[in-house]
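The values are calculated or read from the model by the stated rules, or taken from the named source; none is laboratory data. Quick caveat, the model's predicted, so the values are computed rather than measured. For the accessible areas, the whole protein counts, side chains as well, though only heavy atoms, and no ligand, DNA or RNA atoms are used. Shrake-Rupley method; radii C 1.70, N 1.55, O 1.52, S 1.80 Å.
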Amino acid sequence: NVLDIVTLANCVLGANCDELALACAADMNGDGSFNVLDIVTLANCVLGQNCGGRIDDAIHSRIIIQDNVVSIEADGFIGGVQMTLQHSADFSIEMTDFAFPGTGYLTSGNETRLLVISPETDELFSYSGDFEIAEIIVANSHAEVSVDLPLATSFSLSDAYPNPFNPTTTMEITLIVSG
C-alpha cells in the first residue's frame with residue numbers, strides 16, 4: 001500500500017535501503033539497486049493493480065530549465081524522476097505540489113537528491129541559485145526512459161591554467177552546440 005511506497009521513497013532519498021528489513025523485496029525491478037525505478041514500479045502495482053506496464057508509457061523525455069523552473073517533456077507517461085544535483089551554497093529548491101506522496105528532496109552539503117513520483121504536471125521543481133545535474137533517472141510505469149539534458153545556452157572560455165605556463169596550457173570552452 002502507500003505506506004510501502006513512502007517507506008521506499010524515504011530510503012532511496014536517504015540512500016539507506018539496505019538497512020530496511022526485507023530490503024531485497026524493495027528491489028522491484030531486480031537490478032540490484034534501489035532507485036526511482038523501484039518506486040514507480042511499486043506505485044503502479046499499488047495504484048493500478050497492474051504490474052505489466054501502461055500502453056501510454058514514455059520511451060523518451062527531455063529536461064527543460066527555464067525561468068528558474070525545471071520541467072520535463074515526454075512522449076508518454078512518466079512515473080517518476082530521480083536526480084542528484086550539485087550546487088552552490090546559496091541554492092534553494094521548492095518541489096511541485098502536483099505529485100504522489102514520496103516526492104521530496106534531501107540536501108547534504110552542496111548535493112541534493114530528489115524524487116518526483118507520478119508528476120501530474122510538467123513542472124518538477126523551482127529553484128534559486130546555480131546547480132548542475134550530476135545524475136538523473138527517468139522512469140515510465142516499469143522501465144527507465146531515455147532523457148535529454150539541456151544544452152548550454154551560451155558560450156564561455158575559461159582562464160588558461162596553469163598560468164604562467166611552459167610549454168602547455170589548458171582552457172575549457174562551453175559551446176551551444178557540439179563541435
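Against the longest principal axis of the chain, how steep is helix 2-14, in degrees 0 to 90 to the nearest 10, with axes from Cα atoms?
20 degrees
May I ask you to give the solvent-accessible area per residue for segment 1-151, in square angstrom, as obtained with a 1.4 angstrom probe?
Result: 51 Å² per residue.
State the percentage of accessible surface on the chain attributable to carbon and sulfur atoms; use a 1.4 Å probe and exclude ligands, DNA and RNA.
Summing carbon and sulfur atoms, their accessible area is 52 percent of the total for the chain.
Mind checking the angle between helix 36-48 and the chain's longest principal axis? C-alpha axes, 0 to 90 degrees, to the nearest 10.
Result, in degrees: 30.
So what does the Cα-only Debye profile of segment 74-148 read at q = 0.26 Å⁻¹, as log10 I(q)/I(0), no solvent term?
Here the Debye-derived log intensity ratios amount to -1.28.
Let me check against my output: what whole-number percent is the relative contact order of segment 60-108, with C-alpha pairs under 8 Å and at least 6 apart?
20 percent
Scan (1) 121; (2) 147; (3) 158 for the value of volume of the Cα convex hull per residue in Å³ calculated from this model and give just the label.
The value computed from this structure is option (3).
Going from most exposed to least, what order do VAL2, VAL145 have by accessible area with a 1.4 Å probe?
Output order, biggest surface exposure first: VAL2, VAL145.
Have a look at SER71, SER88, SER118 and tell me which one the Gaussian network model of the chain (Cα, springs below 10 Å) gives the largest fluctuation.
Comparing SER71, SER88, SER118 in a Gaussian network model of the chain, the most mobile one is SER88.
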